[in-house]
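S.K.: So that we are looking at the same thing, I have put the structure below in structure tokens.
The values are calculated or read from the model by the stated rules, or taken from the named source; none is laboratory data. Because the structure is predicted, anything quoted here is derived from the model rather than measured. Here the Cβ positions follow ideal geometry from the backbone for every residue, glycine too, while neighbour counts run over all protein chains shown. Surface accessibility is based on the protein's heavy atoms, side chains included, excluding ligands, DNA and RNA. Shrake-Rupley method; radii C 1.70, N 1.55, O 1.52, S 1.80 Å.
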Amino acid sequence: MTAFQRTPRRGSGRIAVAAASRVLRLLAAVLGIPLEIKLLGANAIILGVAVLALLEPIRLQSGQLSDIYVVTAALIIGAVVNFSLVKLALIPINALQRVARLVSEGRLAERVPASIVADRELTNLSATINEMLDTLSAGRDRMRRLGAEVVYAEERERAEVARELHDSVGQTLAAASFQVAAAAHEIGIHPASPRLVTVRELLRTALEEIRNVSRSLHPRVASDLGLPAALEALGDATQQRSLVDVQVNVDISGVLIPAAVSATLYRVAQEALRNVERHADAGHATVSLRARPGYVELEVNDDGHGFEEPLEKKRAESALAAIRERLSLAGGELHSDTTADRGTRVIAWVGMDTEAA
């Protein structure tokens, strides 16, 4: 006798899926009924069963149930059903409360999840809150993009002004200094020679001031050499000037940092190291540049005594206040913390996904 195995028909799986879908839709429709209707219907069913039990007593092995037993059982079942329905109704409300708390903490990406036990009113409320959060998040992103465009447009203007000062005004002053030197050489020993020497020194001083103003307006080293090389040069200059051992660690994995972002982060490192020189009394400082998906992070640590006094801390915070505002407009953030005898840490990050970058 040959044995064979029946192959299930293709339509049986589809029928099962369709049946399960109908059951889920029916369950969602029942759970979506308003809470007061749920409670009223559950209590009506329990009352009906109790009335039937009283009119047609159920007999068990031990004998006939008394009326008080039926009423007591009905009350207990009613209390359990009411508690369960209220508990189910509170699940979407608790989800709303959790999302509201997270949003108040700044996590605007949170959304109210869909709930199968929510009634129509709660479902509409959740959808309205999600739409409001979507609008708020879109508005915040738009404001950040506009702020970044303003910051980077200002940075481009500063770079242009710095370039004009350095290349135009600076070159003119340098040429005037050479002309004065040539005139002094031609007249030789003359009563006007000391005045020409004074004029030349004034031109040199003006030229140096122009260069300082140009560097303060826009750090060309960051845009010309790139941020890693600019940080290395800044660390070497700080070490030669203050004898603080500055170590620069770069981990950007070949990421190309936009010029405006480089200039902004260079200013952060420059101001942080300036605070180390002035207030920290540190022997070692570390500058770390790291590239992360979508943003760049800069961290400056030192082993100084920190800012113990409120006045010292206020001075340090005020020095970074302007940069913090610029980073905030550009969609980034700056945080600093200090502990007595444990140094100071400054962390700044800025995104690279903005159109202005």
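S.K.: Looking only at the range 238-262, filter to residues that are of a type outside the set (D, E, K, R) and out of contact with any helix residue (DSSP H, G or I) (no Cβ under 9 Å at 6 or more places or on another chain); which one of those is modelled with the highest pLDDT? Explain how you work it out, then say what you get.
M.R.: At the first step, the residues of the range 238-262 found to be of a type outside the set (D, E, K, R) are 238-240, 242-244, 246-250, 252-262.
Adding the requirement that they be out of contact with any helix residue (DSSP H, G or I) (no Cβ under 9 Å at 6 or more places or on another chain) leaves 239-240, 243, 249, 253-256.
Values: Gln239: 86, Gln240: 85, Leu243: 81, Asn249: 92, Ser253: 79, Gly254: 73, Val255: 79, Leu256: 81.
The qualifying residue modelled with the highest pLDDT is Asn249.
S.K.: Sticking with this one: Do you know which residues across the range 85-96 are at pLDDT 75 or above and surrounded by 12 or more Cβ atoms within 10 Å (Cβ to Cβ)?
M.R.: Within the range 85-96, the first condition is being at pLDDT 75 or above, and the residues that meet it are 91-96.
Ile91, Pro92, Ile93, Ala95, Leu96, listed by residue number.
S.K.: Going by what's in this entry, would Ala95 be described as touching a Ser or Thr at 6+ places or on another chain (Cβ under 9 Å) and touching a residue at least 60 places away in the same chain (Cβ under 8 Å)?
M.R.: Taking the combined requirement at face value, the residue does not satisfy it.
S.K.: Please find, among Glu131, Glu121, Glu164, the residue that is open to solvent by 90 Å² or more (accessible area, probe 1.4 Å), at pLDDT 85 or above and among the acidic types (Asp, Glu).
M.R.: Details: Glu121 fails: at pLDDT 85 or above; Glu164 fails: at pLDDT 85 or above.
Within the list Glu131, Glu121, Glu164, the selection yields Glu131.
S.K.: Continuing with this model, one more query. In the range 186-208, what residues are part of a helix (DSSP H, G or I) and either at pLDDT below 80 or among the aromatic types (Phe, Trp, Tyr) (or both)?
M.R.: Step one: list which residues in the range 186-208 are part of a helix (DSSP H, G or I), which gives 186-187, 193-208.
Result: Ser193, single match.
S.K.: If I filter the range 224-237 for residues that are touching a Gly at 6+ places or on another chain (Cβ under 7 Å) and at pLDDT 80 or above, do I get at least one hit?
M.R.: Looking only at the range 224-237, we keep the residues that are touching a Gly at 6+ places or on another chain (Cβ under 7 Å), and these are none.
The answer is no; no qualifying residue exists.
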